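Everything on this sheet refers to the single structure shown next.
A short reminder: the numbers here are calculations on the coordinates, not readings from a lab. Computed from a prediction, not measured in an experiment: that's the story for all the values here. Cβ: placed from backbone, ideal geometry, glycine included. Neighbour counts: every protein chain shown.
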């Protein structure tokens, strides 16, 4: 059931036009999916979304196309994430 729901969400997000440069590091659909899942889990800001993703890298990596832990949140300024 969860896989079907996630597949549906990814399918809907894949129709969103990505205005970023063609050399963007991550797929927009993955970014949107992580943000949605994090907010459903209680994240209410960007650092919370990054924290959610870092805590679930292996799980998310199995569902989405992003690969490495070091790529999640690497552009977050120091001290911005809760710790």
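Applying 1/(1 + (r/R0)^6) with R0 = 25 Å to the Cβ-Cβ distance of residue 16 and residue 55 gives a FRET efficiency near 0.50.
Counting only Cα atoms, the size of the stretch 1-49 along its three principal axes is 31, 28, 14 Å, in decreasing order.
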